[in-house]
Structure formats: C-alpha cells, structure tokens
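Note sheet for the following structure.
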Amino acid sequence: MKSNRREFLKLAAVSAMGVGAARLGFLGDAPAFAGPLPTAADFEKGFKAKHWGMAVFSAKFTPELIEKCRTACHTEHNVPDIPGKKQIKWFWGASYHEAFPTEQGQFLSEDVEHREFPLLCNHCEQPMCVRVCPTQATFQRPDGIVMMDFHRCIGCRYCMAGCPFGARSFNFQDPRPFIHNFNPHYPTRMRGVVEKCDFCAERLAIGKLPVCVEAAGGALVFGDLGDENSDIRKVLREHFAIRRKPDAGTSPSVYYIL
Amino acid sequence: MYNAKYIIPGILFFLALIFVPVGYNMGKSFDVKPELPKDQKDCIEDVQVMRDKHMQILNDWRNSAVRDGERIYVNSKGKKYVKSLTNTCLGCHKDKAKFCDRCHDTVGVNPYCFDCHNITPNQKSPIPPAQTGEEGGH
C-alpha cells in the first residue's frame with residue numbers, strides 16, 4: 001500500500017511536469033494562431049448566396065460579447081491594435097445614439113438607450129464607398145459583399161469620406177508592428193491602405209461562417225437575404241428590425257433587432 | 001574635321017567606358033541557383049513556365065481570387081491548387097530568402113508582395129515584429 005502511494009505520487013509528479021511543459025508551448029515553435037491550411041477541396045464546398053446579410057439580436061449583446069467578437073475578427077484578419085485616432089476597426093461597439101443618430105426617439109426604453117450595439121461594415125446594397133473609389137479597389141460582388149482589393153487601394157480615402165457609417169479605417173503607418181495576435185494564413189496590410197470588414201469572404205469560400213458569427217453564439221444570424229427560406233429571412237419575418245441611417249439611402253444589409 | 005585629336009580619343013574612351021561591363025561579364029555564366037523544396041518534385045507548372053511566367057500567374061491569381069472569387073487554380077495537368085501566395089507557393093518553398101530572393105536580388109527587382117503577404121504559413125510573428133510599447137507615431 002505504502003509503495004503504491006509512492007508510485008502514484010511519482011506518476012502524478014511526472015504527469016504534472018508533462019502538463020506544465022505542454023502549457024509552455026508558446027515558447028516552442030507553435031504559431032500564435034493557425035489551424036490547418038485550407039485545401040482546394042475545401043474551396044469547392046464554399047457557400048454561395050444571392051445577397052449575404054446579417055441580423056443582429058442586439059438585446060443579446062453585452063460589452064463583453066462585443067469584445068469577444070471583436071477579438072475573434074481582429075485576430076483572424078491581422079487587424080493592428082493601435083490606440084487613439086489611428087485606430088483600425090473592422091468590428092466595434094457603440095452606443096444607441098452613435099449607432100442610430102437618425103432614429104431621434106425622444107422617450108426611449110432605457111434598456112435600448114443604454115445598450116451597446118455591435119457595429120461593422122453594413123455591406124450596403126447601394127454602397128457609397130464603391131461609387132467614389134477611383135480605382136475600383138472597393139467593389140461590390142454579385143453576392144452583395146462590398147469587398148476590398150487591397151492591392152489596388154491608393155489610399156485617397158474618398159471611401160472613408162463617402163461611408164456614412166465610419167466603417168473604414170486608414171493605415172497611417174505600417175500596421176505590422178501593432179499586430180499582437182498574428183494569423184500567418186491571412187495577409188497584413190501596408191501603410192497607406194484603407195481597410196474594412198469583408199464579411200469573411202475568405203471563410204465563406206471554404207464553407208465557414210464569418211468569425212464574428214461563430215464567436216457570437218447565436219446573437220448574430222448570417223445568411224442569404226435573397227432566399228425566402230433562409231434562417232436570416234425567417235428571423236427578419238419574426239422580429240422587427242431596423243437598419244442604420246436609412247436616410248443615407250445606401251440600404252444596409254445588416255439588420256438590428258432591438 | 002576640327003579638333004580630331006581630341007574628339008577621336010574622346011569617342012574611343014567613351015566606347016571603352018560603356019563596354020566595360022560587357023567585358024567584365026564576358027565568359028562568366030549567369031547562373032542563379034534557388035534552393036528547391038526537397039520533399040516535392042512538381043511545381044504547379046513546369047519549371048520553364050514558372051521561370052518565365054510566375055509573375056503573370058500570381059497577377060492572374062490575385063485578380064481572379066479577390067475580384068471574381070475564383071480561388072482554385074487548375075494547372076495544365078488538371079491538378080487543383082489553392083490560389084494563395086503564402087499558403088500554396090510559400091507553403092512548399094519554405095525559405096523565401098533561399099528561393100525568391102536569390103533571383104530577385106540578382107536581377108535587381110524588388111516586388112512588393114511581402115509588404116503585406118506573409119513569408120510562410122508557419123510564420124510566428126509579423127515582420128517587423130510587434131512592438132511592446134503603446135506609442136503610435138510615424
């Protein structure tokens with residue numbers, strides 16, 4: 001019995017060392033963030049849609065959940081973490097009055113008025129940024145995604161002036177020194193390029209939902225607005241939803257359920 | 001001809017000067033040896049096609065992948081590859097310095113692909129690496 005306990009303690013000590021060593025993996029050669037590389041077969045089962053859209057169950061969003069989605073998005077896309085005015089944002093949170101300045105509700109429900117709303121590029125049906133881009137670096141795909149071709153961006157920032165939602169950020173400096181959670185499978189940007197959310201076009205191409213949708217755990221519904229039977233159309237049929245700044249006339253594809 | 005005693009030696013000197021590089025390199029072979037991946041035999045296309053046209057192929061890839069969403073490349077033998085500089089090309093050619101740079105440096109071209117694209121799908125940190133400080137200046 002005594003020797004058994006001795007053996008057990010020895011084994012426990014060795015196991016503990018093993019666990020400890022495994023946890024020190026960040027010192028080893030594992031990259032900061034990387035799954036297996038997508039193969040050509042993965043790209044064959046990509047999602048297709050007539051018009052991609054998103055519905056936001058805003059009541060389910062807490063500042064913590066917004067932060068979780070933001071981190072997931074920014075890690076996936078190598079978005080630099082720059083504090084202050086030069087901040088780059090693909091996904092962020094804002095108050096009701098920032099998010100819906102044209103709603104002008106006077107006696108609002110306190111719950112809604114003090115809620116933080118997750119914001120991202122609205123992937124408008126009539127995108128202002130696409131109309132003003134002189135090089136067609138920002139363009140609209142047939143499936144509704146307002147996409148950026150970073151190769152073509154000359155950094156004129158017309159799109160930033162054009163976007164009514166502030167969904168675009170400019171790289172005033174080389175972003176690479178500010179990328180803390182690095183994903184080697186996705187490129188970075190360079191100085192003088194505008195960037196924004198692209199509805200995870202590279203993930204949809206391999207049959208995966210956008211990372212924010214995965215991180216939100218049901219609070220974000222992503223799907224085909226052009227398909228009557230899709231989840232998102234079902235959600236929008238059952239819940240009253242508004243869009244940001246309808247008077248801008250851009251017809252956003254992101255719907256907010258209050 | 002006026003001043004022939006100055007002009008003719010001058011022309012000869014000028015000709016000698018511009019042919020110095022030709023003479024300097026005469027007889028030397030121009031041979032760059034990029035290091036090929038040891039665990040793979042075939043590239044996406046034949047060696048000669050890759051040598052002559054890799055820049056056009058990459059240009060077609062970026063346009064068709066980003067703008068048209070066509071992300072699968074079918075090569076002349078019918079094999080499929082993902083259109084990705086970092087994940088496909090550099091996933092195989094693991095050391096950019098020993099492959100890309102050897103030719104590019106020799107012929108004096110400086111493509112700006114790697115201002116944004118990562119040099120291997122296993123890269124641990126961006127280059128230049130993340131700063132620890134929080135300053136955001138130029």
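The values are calculated or read from the model by the stated rules, or taken from the named source; none is laboratory data. All values reported here derive from a predicted model rather than from experimental measurement. Neighbour counts run over all protein chains shown; Cβ positions are idealised from the backbone, glycine included. Surface areas here come from the heavy atoms of the whole protein model, side chains and all, with no ligands, DNA or RNA. Shrake-Rupley method; radii C 1.70, N 1.55, O 1.52, S 1.80 Å.
Within the group A:Cys197, A:Cys163, A:Cys156, which residue is within 27 Å of A:Pro252 (Cα to Cα), under 16 Å from the mean Cα position of the chain (by Cα) and either away from chain B (no Cβ under 13 Å) or of a type in the set (Asp, Glu) (or both)?
When all the criteria are applied, what remains is A:Cys197.
Is the range B:87-108 home to any residue that is among the β-branched types (Val, Ile, Thr) and either assigned to a loop (DSSP other than H, G, I, E, B) or under 30 Å from A:Gln87 (Cβ atoms) (or both)?
So far as the range B:87-108 goes, no, none of its residues is among the β-branched types (Val, Ile, Thr) and either assigned to a loop (DSSP other than H, G, I, E, B) or under 30 Å from A:Gln87 (Cβ atoms) (or both).
Being facing chain A (nearest Cβ under 9 Å), within 30 Å of A:Val146 (Cα to Cα), outside any loop (DSSP other than H, G, I, E, B) and not aromatic (Phe, Trp, Tyr) narrows it down to one of B:Asn122, B:Asn63, B:Asn59, so name that one.
Going through B:Asn122, B:Asn63, B:Asn59 in turn, just one is facing chain A (nearest Cβ under 9 Å), within 30 Å of A:Val146 (Cα to Cα), outside any loop (DSSP other than H, G, I, E, B) and not aromatic (Phe, Trp, Tyr): B:Asn63.
Is it the case, given these coordinates, that B:Val109 is within 14 Å of another protein chain (Cβ to nearest Cβ), open to solvent by 30 Å² or more (accessible area, probe 1.4 Å) and aliphatic (A, V, I, L, M)?
Here the answer is no, as B:Val109 does not meet what is asked.
Yes or no, residue by residue, for (1) within 18 Å of A:Leu220 (Cα to Cα); (2) more than 14 Å from the chain's Cα centre (by Cα); (3) away from chain B (no Cβ under 14 Å); (4) open to solvent by 40 Å² or more (accessible area, probe 1.4 Å):
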residue: A:Gly46; (1), (2), (3), (4): no, yes, no, no
residue: A:Ala55; (1), (2), (3), (4): yes, no, yes, no
residue: A:Glu67; (1), (2), (3), (4): yes, no, yes, yes
residue: A:Thr71; (1), (2), (3), (4): yes, no, yes, yes
residue: A:Pro80; (1), (2), (3), (4): no, no, no, no
residue: A:Phe91; (1), (2), (3), (4): yes, no, yes, no
residue: A:Thr102; (1), (2), (3), (4): no, yes, yes, yes
residue: A:His123; (1), (2), (3), (4): yes, no, yes, no
residue: A:Cys133; (1), (2), (3), (4): no, yes, no, no
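Residues of the range A:107-123 being out of contact with any strand residue (DSSP E or B) (no Cβ under 7 Å at 6 or more places or on another chain) and in a strand (DSSP E or B), which ones?
none
Collect the residues in the range A:145-182 that are under 18 Å from B:Asp115 (Cα atoms) and among the aliphatic types (A, V, I, L, M), keeping them in residue-number order.
Across the range A:145-182, the qualifying residues are A:Met148, A:Ile154, A:Ile179.
Does the range B:83-92 contain at least one residue that is facing another protein chain (nearest Cβ under 8 Å) and either surrounded by fewer than 15 Cβ atoms within 10 Å (Cβ to Cβ) or more than 23 Å from A:Ile145 (Cβ to Cβ) (or both)?
Yes, that holds for at least one residue.
Taking the residues in the range A:179-194 that are at the interface with another protein chain (Cβ under 7 Å from one of its Cβ atoms) and in contact with an Asp or Glu (Cβ under 8 Å, 6 or more places away or on another chain) as candidates, determine which candidate is surrounded by the fewest Cβ atoms within 10 Å (Cβ to Cβ).
A:His180
Just to be sure I understand, how many residues within the range A:219-235 are open to solvent by 40 Å² or more (accessible area, probe 1.4 Å) and either in contact (Cβ under 8 Å) with a residue 60 or more places away in the chain or small (Gly, Ala, Ser) (or both)?
Qualifying residue count, the range A:219-235: 1.
Can you work out which of the residues in the range B:66-82 that are away from chain A (no Cβ under 11 Å) and of a type outside the set (S, T, N, Q) is most open to solvent (accessible area, probe 1.4 Å)?
Per the stated criteria, the residue is B:Lys77.
Only one of these is in a loop (DSSP other than H, G, I, E, B) and either under 18 Å from A:Gly166 (Cβ atoms) or among the hydrophobic types (A, V, I, L, M, F, W, C) (or both): A:Gln126, A:Gln104, A:Gln136. Name it.
Answer to the selection: A:Gln126.
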